[in-house]
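Q: This structure is in structure tokens; I'll ask about it shortly.
The values are calculated or read from the model by the stated rules, or taken from the named source; none is laboratory data. As the structure is a computational prediction, the values presented were derived from the model and not from experiment. Backbone-built Cβ (ideal geometry, glycine too); neighbour counts: all protein chains shown.
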Amino acid sequence: MNNRSRSRKRTPWDNKTELTATQEYVQMHYITRYEDRHPKLKDDGESGESDMINSYVPTKCPYCNSDRFVQKGYDAIGIQCYRCECGKYFKPTTGTIFESRKIPVSEWIEYCLNIFRYVSLNADSWNNRNAISTSKYWQEKLFMTLENTQNDVVLEGTVWLDETYYSILMRDRSRDGNGNLLRGLSRNQICIGVATDKKHTVCIMEGYGKPSQKRSYEAFKDHIKSGSTLIHDKENTHRKLVEKLELNSTCYASKDMKGLTDSENPLDPVNRIHCLLKMFLNAHSGFCRDDLQNYLNLYAFVINPPSDHVEKVEKIINLVFENPKSLKYRAQFA
Ligand SMILES: [Zn+2]
């Protein structure tokens with residue numbers, strides 16, 4: 001039991017061992033009545049949500065970044081409050097996606113587990129069960145949380161790199177002077193760079209149409225350890241990347257790979273990821289392409305370690321508190 005639970009039910013006789021019958025009766029009804037009037041507190045105590053949230057002790061004030069603040073009691077559901085020297089009050093949830101939640105964090109856990117399963121199995125199990133607006137809202141929160149999760153991924157050893165393309169929405173596609181859609185790797189195709197060392201994978205949107213040396217370098221320069229071996233099929237596109245990172249380049253010409261079975265193809269490790277990624281994107285085919293990098297972040301989060309979905313949820317909750325980003329429902333869908 002935490003401090004808050006003790007204090008909220010405090011009676012003058014808490015430390016007394018011998019109570020009179022009247023004291024016992026009054027104390028019991030005082031506590032019962034208190035708990036009846038604060039059902040959330042009781043439920044919350046059972047779910048452990050407040051203990052979990054309170055375990056994240058803020059390091060700075062979310063309003064002014066000062067570290068000079070003091071504990072200032074608990075809110076109605078047992079969340080620790082703090083008061084800063086700037087005069088503002090805050091809680092561990094202030095400024096996070098949990099700040100304005102109407103439902104317990106456990107619902108969010110359930111949502112995440114469903115999304116992870118959905119992404120990994122690519123089965124349409126989640127969206128059908130939920131109002132679209134709620135799904136979109138939670139998806140937006142999940143996207144915000146995962147925004148920078150690929151930043152620290154650095155591949156090493158043998159790295160397979162290849163680009164794949166995804167069409168922009170029909171209504172946004174450019175046409176030539178005769179009104180025909182542009183063909184080939186035009187600006188109607190979004191280039192997605194995928195690199196993997198079979199332990200970790202990075203998926204990055206490189207822009208529209210064929211990637212340049214510069215774009216491919218910018219996309220992967222922080223994600224491949226220098227000195228690694230690069231397996232790829234685009235000598236030109238990856239030249240700058242190979243040179244600057246001093247990679248050992250093993251480049252296969254596409255004509256040499258014609259007729260090979262999947263398992264014989266030297267780019268098989270990255271081709272497999274392309275294939276699953278396309279299935280995942282196709283399951284959401286109507287999405288706004290501005291969100292593409294967010295979908296890639298989600299996909300990468302699901303296929304990268306830890307493989308256990310429960311550990312992924314733990315990682316997400318840590319990210320929420322360590323890297324606060326708030327999204328209020330009204331602000332998003334007003
Ligand atoms: Zn402050």
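Q: Tell me which residues, restricted to the stretch 68-81, are near the ligand (Cβ under 9 Å from one of its atoms) and of a type outside the set (D, E, K, R). It would help to see each step written out before you state the result.
A: Within the stretch 68-81, the first condition is being near the ligand (Cβ under 9 Å from one of its atoms), and the residues that meet it are 68-69.
Answer for the stretch 68-81, where residues must be near the ligand (Cβ under 9 Å from one of its atoms) and of a type outside the set (D, E, K, R): just PHE69.
Q: Oh, and also: For a quick check of your reading: which helices (runs of 4 or more DSSP H) sit entirely within the stretch 257-328 and have at least 3 residues that are within 28 Å of ARG101 (Cα to Cα)? Talk me through it step by step, then tell me what you get.
A: Details: elements: 268-283, 292-303, 309-322.
Per the criteria, 292-303, 309-322.
Q: Another question, then. Of the residues in the stretch 155-199, how many are assigned to a loop (DSSP other than H, G, I, E, B) and farther than 20 Å from LEU277 by Cβ? Lay out the reasoning, then the answer.
A: Of the stretch 155-199, the ones assigned to a loop (DSSP other than H, G, I, E, B) are 156-157, 168-169, 173-174, 176-180, 182-188, 197-199.
In the following step, the residues that additionally are farther than 20 Å from LEU277 by Cβ were identified as 156-157, 173-174, 176-180, 182-184, 186-187.
Selection size over the stretch 155-199: 14.
Q: Taking the stretch 224-274 only, how many residues are among the hydrophobic types (A, V, I, L, M, F, W, C) and more than 31 Å from the chain's Cα centre (by Cα)? Talk me through it step by step, then tell me what you get.
A: Start the filter on the stretch 224-274 by keeping residues that are among the hydrophobic types (A, V, I, L, M, F, W, C), which leaves 224, 230-231, 241-242, 245, 247, 251, 253, 257, 260, 267, 270, 273.
Next, only the ones that are more than 31 Å from the chain's Cα centre (by Cα) stay: 251, 253, 257, 260.
Total satisfying the criteria: 4.
Q: In the set GLY95, GLY87, which member is within 18 Å of the chain's Cα centre (by Cα), in a loop (DSSP other than H, G, I, E, B), within 12 Å of the ligand (Cβ to nearest atom) and at positive phi?
A: Values: GLY87 fails: within 18 Å of the chain's Cα centre (by Cα).
Answer to the selection: GLY95.
Q: Of all residues in the stretch 56-67, count the ones that are away from the ligand (no atom under 12 Å from the Cβ) and in contact with a Pro (Cβ under 8 Å, 6 or more places away or on another chain).
A: Restricting attention to the stretch 56-67, the residues satisfying the condition of being away from the ligand (no atom under 12 Å from the Cβ) are 56-57, 59.
Add one more test, that the residue is in contact with a Pro (Cβ under 8 Å, 6 or more places away or on another chain), and what stays is 56-57.
Count: 2.
Q: Also: Identify, please: which residue in the stretch 211-223 is in a loop (DSSP other than H, G, I, E, B) and crowded, with 18+ Cβ neighbours inside 10 Å and is, among those, nearest to the chain's Cα centre (by Cα)? Lay out the reasoning, then the answer.
A: If we filter the stretch 211-223 for residues that are in a loop (DSSP other than H, G, I, E, B), which is where we start, we get 211-212, 221-223.
Next, only the ones that are crowded, with 18+ Cβ neighbours inside 10 Å stay: 211, 223.
Values: PRO211: 27, HIS223: 19 Å.
My answer is HIS223.
Q: Related question: Looking for whichever is touching a Lys or Arg at 6+ places or on another chain (Cβ under 9 Å) and basic (Lys, Arg) here; the options are LYS278, LYS244. Which one fits?
A: On the way: LYS278 fails: touching a Lys or Arg at 6+ places or on another chain (Cβ under 9 Å).
On inspection, the qualifying residue turns out to be LYS244.
Q: Another question, if that's okay. Taking VAL242 as the residue in question, decide whether it is closer than 25 Å to PRO305 by Cα, out of contact with any Gly (no Cβ under 7 Å at 6 or more places or on another chain) and either modelled with pLDDT of 95 or more or of a type in the set (Gly, Ala, Ser) (or both). Show your work before the answer.
A: Details: closer than 25 Å to PRO305 by Cα: no; out of contact with any Gly (no Cβ under 7 Å at 6 or more places or on another chain): yes; either modelled with pLDDT of 95 or more or of a type in the set (Gly, Ala, Ser) (or both): yes.
No: the conditions fail for VAL242.
Q: If you don't mind, there's one more thing I want to ask. Quick check: is even one residue across the stretch 207-223 of a type in the set (A, V, I, L, M, F, W, C) and either outside the structural domain of ASP268 (by TED's automatic domain parsing) or in contact (Cβ under 8 Å) with a residue 60 or more places away in the chain (or both)? Steps first, please.
A: Filtering the stretch 207-223 down to residues of a type in the set (A, V, I, L, M, F, W, C) leaves 219-220.
This time we only want the ones that are either outside the structural domain of ASP268 (by TED's automatic domain parsing) or in contact (Cβ under 8 Å) with a residue 60 or more places away in the chain (or both), so: none.
The answer is no; no qualifying residue exists.
Q: What are the residues in the stretch 104-144 that are at pLDDT 75 or above and hydrophobic (A, V, I, L, M, F, W, C), if any? Talk me through it step by step, then tell me what you get.
A: Pass one, the stretch 104-144, residues at pLDDT 75 or above: 104-117, 136-144.
Residues satisfying the conditions are VAL105, TRP108, ILE109, CYS112, LEU113, ILE115, PHE116, TRP138, LEU142, PHE143, MET144.
Q: Go through the residues of the stretch 276-290 one by one and say whether even a single one is out of contact with any Phe, Trp or Tyr (no Cβ under 9 Å at 6 or more places or on another chain), assigned by TED's automatic domain parsing to the domain that holds VAL202 and farther than 30 Å from ILE316 by Cα.
A: no
Q: Hey, another quick one. Working only within the stretch 233-248, note down all residues that are buried (at least 16 other Cβ atoms within 10 Å of the Cβ) and either of a type outside the set (A, V, I, L, M, F, W, C) or assigned to a helix (DSSP H, G or I) (or both). Outline the logic, then answer.
A: Looking only at the stretch 233-248, we keep the residues that are buried (at least 16 other Cβ atoms within 10 Å of the Cβ), and these are 233-234, 237-238, 240-242, 245, 247.
Scanning the stretch 233-248 gives ASP233, LYS234, THR237, HIS238, LYS240, LEU241, VAL242.
Q: Still on this structure, I have one more. So for the stretch 309-325 (the condition being within 16 Å of TYR165 (Cα to Cα), at pLDDT 90 or above and of a type in the set (A, V, I, L, M)), does at least one residue qualify? Let's see the steps before the verdict.
A: Step one: of the stretch 309-325, the residues within 16 Å of TYR165 (Cα to Cα) are none.
The answer is no; no qualifying residue exists.
Q: So LEU230 clears everything in (1) over 16 Å from THR164 (Cα atoms); (2) surrounded by fewer than 20 Cβ atoms within 10 Å (Cβ to Cβ) except one condition, right? Which one?
A: With (1) over 16 Å from THR164 (Cα atoms); (2) surrounded by fewer than 20 Cβ atoms within 10 Å (Cβ to Cβ) applied to LEU230, the lone miss is (2).
Q: In addition: I'm told HIS38 meets every condition in (1) more than 20 Å from VAL320 (Cβ to Cβ); (2) surrounded by 14 or more Cβ atoms within 10 Å (Cβ to Cβ); (3) at pLDDT 90 or above except one. Can you identify the failing condition by its number?
A: All conditions are met except number (3).
Q: Same structure, new question: Only residues that are in contact (Cβ under 8 Å) with a residue 40 or more places away in the chain and of a type in the set (Gly, Ala, Ser): list them for the stretch 169-200, please.
A: Residues of the stretch 169-200 that are in contact (Cβ under 8 Å) with a residue 40 or more places away in the chain, as a first pass: 169, 172, 190, 192, 194-200.
ALA195, the sole residue that qualifies.
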